[in-house]
Amino acid sequence: MIEVPEAAIDLAKRFEGFHRVPKHDPGGAHPYLCPAGYWTIGYGHLCDPKHPPITEDEAEVYLAQDLKVALAATLRFCPVLATEPEGRLAAIVDFTFNLGAGRLQTSTLRRRVNQRDWPAATTELRRWGYGGGRSLPGLVARREAEVHLVRAIRGMTCHPTSR
């Protein structure tokens, strides 16, 4: 059985962060609206706006569950990743966790990954830096981190303009 790659956990934690909202309750996280307009708690876990506050340990449990779901969906839609280097799997698991399995399922990114066209896959990843109809610097940075994992394979060459 394939486990959630550590790099996917690291990416999710880095880009989601553990949000302590409101700031006056330093011991717990409360629901908040993410930049794309979804109610979220902890490390990017979708929730009801009336969800009770959670601790960081509880947020870690949610994250582990959410990443397992993202891993299963990623392997269902991109089975070639089961035999690719772990960094590629981690990048697409993070993408799936961040944007949802439905977005991966219907994306050109999915086709490029399954074709093992890694330069084109990195181009597709970069197209997903928007939330709520506008470019978001955090999403752009996240996609670049995913691109780095996809490309960080010895011997891979990319067209210079696909940076």
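Laboratory data are not the source of any read-out in this text; all were calculated from the coordinates shown. Fair warning: this is a prediction, and the values are worked out from it, not measured in the lab. FYI the Cβ positions are ideal-geometry reconstructions off the backbone, even for glycines, and counts take in every protein chain you see.
Using Cα pairs under 8 angstrom and six or more residues apart, how large is the relative contact order of the chain, in percent?
On the way: 229 pairs, mean separation 32.1, N = 163.
Answer for the chain is 20 percent.
Using a Förster distance of 22 Å, how high is the FRET efficiency between E58 and R111, based on the Cβ-Cβ distance and rounded to 0.05? List each step's numbers first, then the result.
Numbers: r = 37 Å, r/R0 = 1.70.
Approximately 0.05, to the nearest 0.05.
Mind giving me the FRET efficiency for D48 and E3? R0 is 22 Å, r the Cβ-Cβ distance, nearest 0.05 is fine.
About 0.15, to the nearest 0.05.
Where does each of 67-73, 145-151 land if you order them by average Cβ count within 10 Å, highest first?
Sorting 67-73, 145-151 by mean packing, highest first, produces 145-151, 67-73.
Which Cα, out of L104, T40, G17, lies furthest along the positive dipole direction of region 6-155 (beta carbon charges, K/R +1, D/E -1)?
Farthest towards the positive pole: L104.
Would you list F77, F97 from fewest to most Cβ contacts within 10 Å? Walk me through the numbers on the way to the answer.
Working: F77 20, F97 28.
Ranked by crowding around the Cβ, least crowded first: F77, F97.
For the chain, what does -39500 (n - 2.57) per DSSP helix run (n ≥ 4), summed and divided by total residues, give at 222 nm, in deg cm²/dmol to the nearest 500?
Working: 7 runs with 83 residues, N = 163.
Theoretical 222 nm ellipticity from helices: -16000 deg cm²/dmol.
Any chance you could list the semi-axes, whole Å, largest first, of the equivalent ellipsoid that the Cα gyration tensor gives for the chain, using √(5λ)?
Computed over the chain, the values are 29, 17, 13 Å.
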